[in-house]
Amino acid sequence: MGCLAGEYLKAPDFLIYGVKVIPMKLTPKGMRDIGPEDMFVREEAIETIRSIFRSYGYRPLETPAMEYLETLRAKAGQEVDKQIFLIEGGEYGLRFDLTVPLARYAAATDAPKPFKRYAIDVVWRKEEPQRGRFREFYQADVDIIGSSSMRSEAELLSLARDVCLAFSFDKPKIMINNRKILEGIATELELGKDKEEVFRVLDKLDKIGPGEVEKLLKQILGDKKAGKLLEIINAKGDNKKKLALATKFSAEGAKELEEILSFCDFPVEVDLFLVRGLGYYTGPVFEIKLSEGIGTVMAGGRYDNLLGVYGQPSPATGISVGIERLVTLLSERKKAAKKTDSLVLIACIKPEFYKAALSIASEFRKAGIACETDLNDRNIRKQFDYANALGIPFVAVIGEREAKSKSVTLRDMASGKEGVLPIGAAIAEVKGG
């Protein structure tokens with residue numbers, strides 16, 4: 001299993017070949033090792049997500065981990081700027097998201113529009129680590145460059161729903177709002193210079209709860225104005241009623257949401273509380289939760305002005321899947337963690353049968369069956385112990401009798417049943433089992 005970031009080795013000082021070995025941190029602060037059992041869950045989740053991205057026609061893009069610092073800062077606001085890991089020398093920094101590299105690439109590339117790209121990769125943020133939040137983590141993004149149509153947002157929400165269903169979360173809560181509506185509310189209430197701070201507070205609802213949000217808003221705006229703001233954004237009723245209210249603040253923003261809803265044949269809720277704290281969003285914003293008790297696992301929005309920062313204006317929208325939170329949920333649901341892909345261990349009675357074991361293993365692999373051989377020259381009992389430890393479901397034993405008859409003794413490790421079978425029959429048994 002993955003170890004905690006900054007955890008110390010517990011061994012005392014000791015000598016190896018005369019060299020003093022001292023206790024040391026296993027990983028840098030806010031980063032961690034991810035063991036094989038957790039990696040199986042992670043990689044299977046990523047493969048599922050990737051297949052859904054590609055089924056919608058999104059194309060892969062890989063960009064460097066490092067960017068010029070000026071490239072990162074072109075997008076980063078004051079808060080994000082503090083999170084950039086600087087590379088020694090001050091010219092470069094580690095990417096803090098996958099949107100900046102996309103914007104840089106798209107602004108410099110004449111790709112057919114819309115340019116639909118996906119990226120699943122590591123990003124780094126120099127922020128204080130918390131439970132479930134790390135300084136190094138994966139993001140899985142899809143973005144559409146070159147389309148101002150609300151069809152794009154509807155497609156992203158459909159894709160997000162498919163991701164939820166693929167992991168058996170069949171009742172996701174999909175929420176949308178529009179920054180144009182929020183801007184209209186801010187103008188109506190004359191929030192002025194307090195607007196961005198208010199938006200940042202609203203975006204912390206999941207983290208700090210409604211009571212703390214209300215307290216902070218009153219500190220910023222005073223009781224009367226904070227009360228009026230909360231009355232508007234906490235409006236109850238169905239989508240039709242909320243859109244009617246939203247129209248008072250931005251007819252254009254409400255119309256865009258109405259258009260998105262018309263393309264969605266699944267439940268989507270208008271939520272006027274929804275902000276998305278980053279200041280570069282210009283239109284619809286959205287979040288997806290897997291249930292009432294689970295936080296946001298997907299989020300995004302429209303950012304039509306961002307590419308202009310990098311030299312080539314173009315409308316853009318995108319959504320990001322929170323790999324870390326999703327993987328945590330999947331791991332918690334699994335009754336038994338997967339330890340290996342191997343379905344068969346080819347075990348030798350004696351070392352002289354190892355070459356035959358290699359040949360048999362090759363036959364299993366050609367048939368698409370993951371298998372392995374004993375690399376430690378152990379006795380047969382210890383080979384069986386190894387198979388049990390990793391949960392390998394079958395052991396194929398090769399000895400003198402089996403070598404002569406070109407067969408194996410195949411044991412089902414769950415039931416204990418075994419029998420002597422030709423290689424082809426053993427392969428069929430494993431596939432059938």
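Yes or no, residue by residue, for (1) aliphatic (A, V, I, L, M); (2) farther than 18 Å from residue 160 by Cα:
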site: 229; (1), (2): yes, yes
site: 281; (1), (2): no, yes
site: 286; (1), (2): no, no
site: 325; (1), (2): no, no
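Among the residues making up segment 412-428, those that are without any contact (Cβ under 8 Å) to a residue 24 or more places away in the chain and not small (Gly, Ala, Ser) are 412, 417, 418, 420, 421, 422. Looking at segment 66-86, is at least one residue in a helix (DSSP H, G or I), surrounded by 14 or more Cβ atoms within 10 Å (Cβ to Cβ) and of a type in the set (Phe, Trp, Tyr)? Looking through segment 66-86, none of the residues is in a helix (DSSP H, G or I), surrounded by 14 or more Cβ atoms within 10 Å (Cβ to Cβ) and of a type in the set (Phe, Trp, Tyr). The numbered conditions (1) at negative phi; (2) assigned to a loop (DSSP other than H, G, I, E, B); (3) out of contact with any helix residue (DSSP H, G or I) (no Cβ under 9 Å at 6 or more places or on another chain) are all true for residue 57 except (1). Take the conditions (1) farther than 22 Å from residue 307 by Cβ; (2) among the aliphatic types (A, V, I, L, M); (3) in contact with a Cys (Cβ under 8 Å, 6 or more places away or on another chain); residue 154 misses just one of them, which is (1). Picking from 143, 97, 170, which residue would you name as being farther than 29 Å from residue 311 by Cβ and under 21 Å from the mean Cα position of the chain (by Cα)? Result: 170 is the single residue among 143, 97, 170 that is farther than 29 Å from residue 311 by Cβ and under 21 Å from the mean Cα position of the chain (by Cα). Annotation: of all residues in segment 311-322 being at negative phi and at pLDDT below 90, the one that is farthest from the chain's Cα centre (by Cα) is 312.
Taking the conditions exactly as written (under 14 Å from residue 321 (Cβ atoms) and either crowded, with 19+ Cβ neighbours inside 10 Å or in contact with an Asp or Glu (Cβ under 9 Å, 6 or more places away or on another chain) (or both)), does residue 100 satisfy them or not? Walk me through how you get there before you give the answer.
On the way: under 14 Å from residue 321 (Cβ atoms): no; either crowded, with 19+ Cβ neighbours inside 10 Å or in contact with an Asp or Glu (Cβ under 9 Å, 6 or more places away or on another chain) (or both): yes.
Here the answer is no, as residue 100 does not meet what is asked.
Those helices (runs of 4 or more DSSP H) of segment 160-268 in which 1 or more residues are closer than 30 Å to residue 48 by Cα occupy 205-221, 251-263. Of all the residues in segment 360-389, those that are assigned to a helix (DSSP H, G or I) and either in contact with a helix residue (DSSP H, G or I) (Cβ under 7 Å, 6 or more places away or on another chain) or buried (at least 16 other Cβ atoms within 10 Å of the Cβ) (or both) number 8.
Screening residue 405 on (1) at pLDDT below 95; (2) more than 17 Å from residue 359 (Cα to Cα); (3) among the hydroxyl-bearing types (Ser, Thr, Tyr) shows it passes everything except condition (2). With the condition kept exactly as written, say whether any residue in segment 103-110 is buried (at least 22 other Cβ atoms within 10 Å of the Cβ) and modelled with pLDDT of 95 or more. No; the residues of segment 103-110 include none that is buried (at least 22 other Cβ atoms within 10 Å of the Cβ) and modelled with pLDDT of 95 or more.
Touching a residue at least 60 places away in the same chain (Cβ under 8 Å) and outside the structural domain of residue 70 (by TED's automatic domain parsing): does that describe residue 349? Considered against the rule, which asks whether it is touching a residue at least 60 places away in the same chain (Cβ under 8 Å) and outside the structural domain of residue 70 (by TED's automatic domain parsing), residue 349 comes out as no. Within segment 91-113, residues that are more than 15 Å from residue 315 (Cβ to Cβ) have Cβ atoms under 7 Å from residues that are of a type in the set (Gly, Ala, Ser) in these pairs: 94/65; 95/65; 98/119, counting only partners at least 6 apart in sequence or on another chain. Residue count for segment 227-266, restricted to those that are in contact with a strand residue (DSSP E or B) (Cβ under 7 Å, 6 or more places away or on another chain) and over 26 Å from residue 306 (Cα atoms): 3. Selection over segment 329-359 of residues that are closer than 29 Å to residue 401 by Cα and assigned to a loop (DSSP other than H, G, I, E, B) gives a count of 5. The condition (being in contact with a Phe, Trp or Tyr (Cβ under 8 Å, 6 or more places away or on another chain) and not charged (D, E, K, R)) is satisfied by just one residue among 260, 233: 233. Just to be sure, is residue 205 among the aliphatic types (A, V, I, L, M), over 24 Å from residue 259 (Cα atoms) and in contact (Cβ under 8 Å) with a residue 60 or more places away in the chain? Here the answer is yes, as residue 205 does meet what is asked. Being over 19 Å from residue 263 (Cα atoms) and in contact with a Phe, Trp or Tyr (Cβ under 8 Å, 6 or more places away or on another chain) is the filter here, so list the residues in segment 143-169 that pass it. Passing the criteria: 145, 146. Would a scan of segment 151-161 turn up a residue that is without any contact (Cβ under 8 Å) to a residue 12 or more places away in the chain and surrounded by fewer than 21 Cβ atoms within 10 Å (Cβ to Cβ)? Scanning segment 151-161, I find no residue that is without any contact (Cβ under 8 Å) to a residue 12 or more places away in the chain and surrounded by fewer than 21 Cβ atoms within 10 Å (Cβ to Cβ), so the answer is no.
Among the residues of segment 329-356, those identified as among the hydrophobic types (A, V, I, L, M, F, W, C) and within 21 Å of the chain's Cα centre (by Cα) are 329, 330, 337.
The values are calculated or read from the model by the stated rules, or taken from the named source; none is laboratory data. Since we're looking at a predicted model, the values are computed, not measured. Glycine gets a Cβ as well: all are built from the backbone with ideal geometry, and neighbour counts include every protein chain shown.
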